[in-house]
Protein chains: 2
Amino acid sequence: MASPRRTTLADVAQEVGVSAKTVSRVLNGDGPTSRETREKVMAVVEKLGFQPNLMARNIRVGGPDSTVGLIIPDMGNPFFGSVAGGIESAVRERGLTLLMGSCADDPARERALIDTFLARRVSALMVVPTVGADHAHLRTARANGLPVVFLDRPGTGLTADSVVSSNRDGAREGTAHLIAAGHRRIAFVGDRPATLYTRRERLAGYREALDAADLPYDRSLVLDCHTEAEAADAVQRALRDPQPPTAILAANNFAAMGTVLGTTRAGRRDVALVSFDDLPFAEVLEPAITTVAQDPTAIGTAAAEIALARLDGDRTRARTVTVPTRLIPRGSGELPPTTR
Amino acid sequence: MASPRRTTLADVAQEVGVSAKTVSRVLNGDGPTSRETREKVMAVVEKLGFQPNLMARNIRVGGPDSTVGLIIPDMGNPFFGSVAGGIESAVRERGLTLLMGSCADDPARERALIDTFLARRVSALMVVPTVGADHAHLRTARANGLPVVFLDRPGTGLTADSVVSSNRDGAREGTAHLIAAGHRRIAFVGDRPATLYTRRERLAGYREALDAADLPYDRSLVLDCHTEAEAADAVQRALRDPQPPTAILAANNFAAMGTVLGTTRAGRRDVALVSFDDLPFAEVLEPAITTVAQDPTAIGTAAAEIALARLDGDRTRARTVTVPTRLIPRGSGELPPTTR
DNA sequence: ATGAAAGCGCTAACAA
DNA sequence: TTGTTAGCGCTTTCAT
């Protein structure tokens with residue numbers, strides 16, 4: 001029942017007939033070792049299935065572990081997958097391994113994951129902050145030299161590096177695109193809660209575009225939803241209004257999917273849609289959806305670069321990197337609507 | 001420049017004026033401690049921002065780390081995100097933390113990640129095997145009591161627990177659905193390489209359905225593709241054939257997206273489609289897409305349950321759990337095609 | 001309720 | 001080229 005004690009470096013050493021340190025030298029390739037010893041050691045390592053205990057190593061060496069921790073709010077969102085991919089390829093070149101965990105939109109869980117990573121002495125910590133989370137407790141770790149980077153949204157209660165999309169500009173451009181096509185009643189479908197950073201920024205961009213065109217800001221055209229289903233319902237309801245929108249700016253991918261669902265269910269093909277964040281089927285839907293594409297991979301890469309620079313001793317003050325978005329016109333919102 | 005040595009348990013002890021062991025007792029709540037000591041210790045811990053070094057703890061305690069490792073081939077695929085979510089919620093109840101890494105479809109990278117997790121003494125290891133990877137080297141670890149579970153596909157070179165979808169049955173049902181609607185030329189759009197487990201199984205199911213209906217198996221109707229773009233091209237080409245398919249079974253989500261792209265670009269709305277793996281917009285597209293839905297969360301949960309049972313001492317032989325798929329008819333493939 | 005000493009698996013520093 | 005000793009930060013064991 002009790003599993004046999006795991007093979008240790010000492011076991012290997014004894015079996016080979018050398019000292020532990022020699023085995024260590026062979027495995028880590030630091031000190032000089034004779035070709036013969038090397039071969040014998042490797043053979044025994046293989047035979048015994050020895051796996052060095054990295055924790056024991058790290059504890060002795062004292063430095064941080066060769067991992068980078070990433071915490072995301074939701075595994076189901078492919079946006080974060082792409083972000084992670086960007087980080088991964090950047091840190092891998094430095095021999096670091098990306099480990100990630102999801103907190104499932106739960107601030108307490110985010111805190112627990114942060115502690116887990118800190119306790120395991122990651123080299124750097126990347127966090128996509130969850131709504132309601134506070135990051136003041138990271139102050140000490142950061143002060144002690146741990147690079148901390150916030151992605152997609154700035155952290156709360158802690159000034160640290162962060163990488164975000166050009167939310168405001170992107171939303172402004174997207175809205176302006178609809179306005180240029182002649183729309184005057186444009187709904188904004190955004191995430192909840194309304195205090196969410198990305199939501200606030202994108203709403204601000206939307207308003208800037210309205211202002212620039214001297215269009216009134218109508219609070220009733222701003223819809224809240226956290227899920228695709230909610231967005232679909234909200235959109236269907238809005239379309240039944242006496243003064244319905246003729247176009248919609250969906251402020252994130254879920255909102256956009258819900259919007260498509262909602263307009264489809266309402267049997268409406270004539271509602272123009274611009275989506276913040278690219279969509280899998282943007283090109284295929286009828287009409288094809290114009291998007292304000294983010295670059296999640298670039299966000300990840302930028303974050304990794306900052307973290308690596310910090311590891312290299314960069315002690316300049318915290319900066320915020322803005323990754324530009326790109327408007328991809330795709331039919332929807334391009335032609336003057338029939339209701340013009 | 002050199003960051004100050006991190007605060008240790010001993011630092012806290014000295015500051016409070018007690019022994020290290022006492023601080024340890026307070027933090028882990030094992031031995032008895034006076035209320036007064038507890039408060040003083042906690043205060044200093046807070047003040048110094050002390051983070052216990054879990055590696056040092058684990059090394060002394062000897063047991064495995066309180067983490068479960070998951071390796072997936074691709075972060076961009078939301079399917080794996082859902083699988084991870086299933087694992088997460090199941091292991092969390094046991095106080096375990098899920099850590100995952102992506103190998104980006106690279107067998108060498110998978111190997112490195114496995115070694116990383118082994119070296120960090122995870123409690124259990126879950127792997128979605130990457131094409132070309134071999135898992136024989138996991139034998140020792142498994143023999144020493146480490147639970148190893150393969151997801152989505154069985155591992156190579158190692159008999160271990162695995163959890164898979166009912167690929168064959170699902171593909172058969174999906175194909176039968178198309179046949180029942182009157183289709184006789186049904187294309188199969190599957191992943192590359194053709195040796196891929198899921199691809200093989202699903203193709204087998206497709207063939208079973210053809211056989212059952214006495215339809216011929218036409219090799220030219222089997223299309224290979226690893227990306228959405230490849231699938232789109234392949235489908236467009238197939239539709240230009242003298243004897244084009246009237247229906248398509250897409251064997252995974254990328255293939256399905258590509259198929260939708262391909263048929264759309266070809267201006268064909270009359271091609272019936274059944275997709276293995278549910279799609280974001282299945283319901284919205286015209287016509288709505290019938291899917292053979294997998295249950296990725298259930299796959300994750302099942303895998304976690306097996307691993308936990310192993311941790312509890314279950315030493316029965318390796319088993320394979322099959323998670324059923326579910327046919328969701330949604331218009332596409334329901335009505336007799338015009339070409340009947 | 002608390003402390004002292006020993007030791008987990010490994011490597012730094014010094015020998016030989 | 002190799003071995004020895006000490007010690008990383010923590011917990012175990014045994015004392016008090």
Original post:
When you go through (1) open to solvent by 40 Å² or more (accessible area, probe 1.4 Å); (2) under 19 Å from the mean Cα position of the chain (by Cα) one by one for residue B:95, which number turns out not to apply?
Top reply: (2)
Original post:
Could you count how many residues in the range B:235-259 are farther than 22 Å from residue B:205 by Cα and among the aliphatic types (A, V, I, L, M)?
Top reply: 1
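Report yes if residue A:84 is aliphatic (A, V, I, L, M), at pLDDT 95 or above and open to solvent by 10 Å² or more (accessible area, probe 1.4 Å), otherwise no.
Working: aliphatic (A, V, I, L, M): yes; at pLDDT 95 or above: yes; open to solvent by 10 Å² or more (accessible area, probe 1.4 Å): no.
So residue A:84 does not fit the description; no.
Residues being of a type in the set (Val, Ile, Thr) and more than 15 Å from residue A:188 (Cβ to Cβ): count how many of those fall in the range A:210-240. Please lay out each step first, then the result.
Kept after step one, since they are of a type in the set (Val, Ile, Thr), are these residues of the range A:210-240: A:222, A:227, A:235.
Okay, now just the ones that are also more than 15 Å from residue A:188 (Cβ to Cβ), so A:227.
Residues that pass the stated criteria total 1.
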Original post:
If we keep just the residues of the range B:267-279 that are crowded, with 20+ Cβ neighbours inside 10 Å and not in a strand (DSSP E or B), which is modelled with the lowest pLDDT?
Top reply: B:278
Original post:
Say we look at the range A:54-86 and pick out the residues that are in contact with a helix residue (DSSP H, G or I) (Cβ under 7 Å, 6 or more places away or on another chain) and within 14 Å of DNA strand D (Cβ to nearest atom); which of these is farthest from the other protein chains (Cβ to nearest Cβ)?
Top reply: A:65
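Each row is one residue, and each column tells you yes or no for (1) open to solvent by less than 20 Å² (accessible area, probe 1.4 Å); (2) in contact with a helix residue (DSSP H, G or I) (Cβ under 7 Å, 6 or more places away or on another chain).
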position	(1), (2)
A:242	no, no
A:254	no, yes
A:261	yes, yes
A:307	yes, no
A:313	yes, no
A:321	no, yes
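For the range B:3-23, give me the residue count where each residue is without any contact (Cβ under 8 Å) to a residue 40 or more places away in the chain, within 13 Å of DNA strand C (Cβ to nearest atom), open to solvent by 50 Å² or more (accessible area, probe 1.4 Å) and not polar (S, T, N, Q). Lay out the reasoning, then the answer.
First, pick out the residues of the range B:3-23 that are without any contact (Cβ under 8 Å) to a residue 40 or more places away in the chain: B:3-5, B:10-23.
Now narrow it down to the ones that are within 13 Å of DNA strand C (Cβ to nearest atom): B:10, B:12-23.
Filter once more, keeping what is open to solvent by 50 Å² or more (accessible area, probe 1.4 Å): B:10, B:14-15, B:17, B:19, B:21.
Now restrict to residues that are not polar (S, T, N, Q): B:10, B:15, B:17, B:21.
Qualifying residue count, the range B:3-23: 4.
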Original post:
Looking only at residues in the range B:76-106 that are of a type in the set (Gly, Ala, Ser) and part of a helix (DSSP H, G or I), which one is farthest from residue A:77 (Cα to Cα)?
Top reply: B:90
**OP:** Could you tell me whether residue B:34 is more than 8 Å from chain A (Cβ to nearest Cβ) and near DNA strand D (Cβ under 9 Å from one of its atoms)?
**Re:** no
**OP:** Output the number of residues of the range A:24-58 satisfying the condition of being within 7 Å of DNA strand C (Cβ to nearest atom) and among the aliphatic types (A, V, I, L, M).
**Re:** 2
Original post:
List, please: which pairs have Cβ atoms under 6 Å, are six or more places apart or on different chains, and start with a residue in the range B:29-52 that is under 18 Å from residue A:115 (Cα atoms) and end with one that is part of a loop (DSSP other than H, G, I, E, B) and within 11 Å of DNA strand D (Cβ to nearest atom)?
Top reply: B:48/B:7; B:50/B:7
Original post:
Out of the range B:98-114, which residues are buried (at least 16 other Cβ atoms within 10 Å of the Cβ) and of a type in the set (D, E, K, R)?
Top reply: B:106, B:109, B:110, B:111
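Can you name every residue in the range B:199-219 that is of a type in the set (D, E, K, R) and either open to solvent by 40 Å² or more (accessible area, probe 1.4 Å) or farther than 22 Å from residue B:153 by Cβ (or both)? Write out each step before concluding.
Filtering the range B:199-219 down to residues of a type in the set (D, E, K, R) leaves B:199-202, B:207-208, B:211, B:214, B:218-219.
Passing the criteria: B:200, B:207, B:208, B:211, B:214, B:218, B:219.
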**OP:** Look at the range A:24-38 and say how many of its residues are surrounded by 11 or more Cβ atoms within 10 Å (Cβ to Cβ), of a type outside the set (S, T, N, Q) and over 43 Å from the mean Cα position of the chain (by Cα).
**Re:** 1
Original post:
Would you pick out the residues in the range A:281-303 that are without any contact (Cβ under 8 Å) to a residue 60 or more places away in the chain and either part of a loop (DSSP other than H, G, I, E, B) or open to solvent by 20 Å² or more (accessible area, probe 1.4 Å) (or both)?
Top reply: A:281, A:282, A:283, A:284, A:285, A:286, A:287, A:288, A:289
**OP:** All but one of (1) in contact (Cβ under 8 Å) with a residue 24 or more places away in the chain; (2) more than 16 Å from DNA strand D (Cβ to nearest atom) hold for residue B:115, so report the exception by its number.
**Re:** (1)
Original post:
Would the range B:289-300 turn up any residue that is modelled with pLDDT under 95, in contact with a Lys or Arg (Cβ under 8 Å, 6 or more places away or on another chain) and not hydroxyl-bearing (Ser, Thr, Tyr)?
Top reply: yes
Original post:
Looking at the range A:152-179, which of the residues that are among the hydrophobic types (A, V, I, L, M, F, W, C) and open to solvent by less than 40 Å² (accessible area, probe 1.4 Å) is farthest from the chain's Cα centre (by Cα)?
Top reply: A:179
Original post:
Limited to the range B:253-271, what total is found for residues that are more than 12 Å from chain A (Cβ to nearest Cβ) and in contact with a Ser or Thr (Cβ under 7 Å, 6 or more places away or on another chain)?
Top reply: 2
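The values are calculated or read from the model by the stated rules, or taken from the named source; none is laboratory data. Everything quoted here is computed from the prediction, not taken from an experiment. Cβ coordinates were reconstructed from backbone atoms using ideal geometry, including for glycine residues, and neighbour counts include every protein chain displayed. Only protein heavy atoms, including side chains, enter the accessible area calculation; ligands, DNA and RNA are left aside. Shrake-Rupley method; radii C 1.70, N 1.55, O 1.52, S 1.80 Å.
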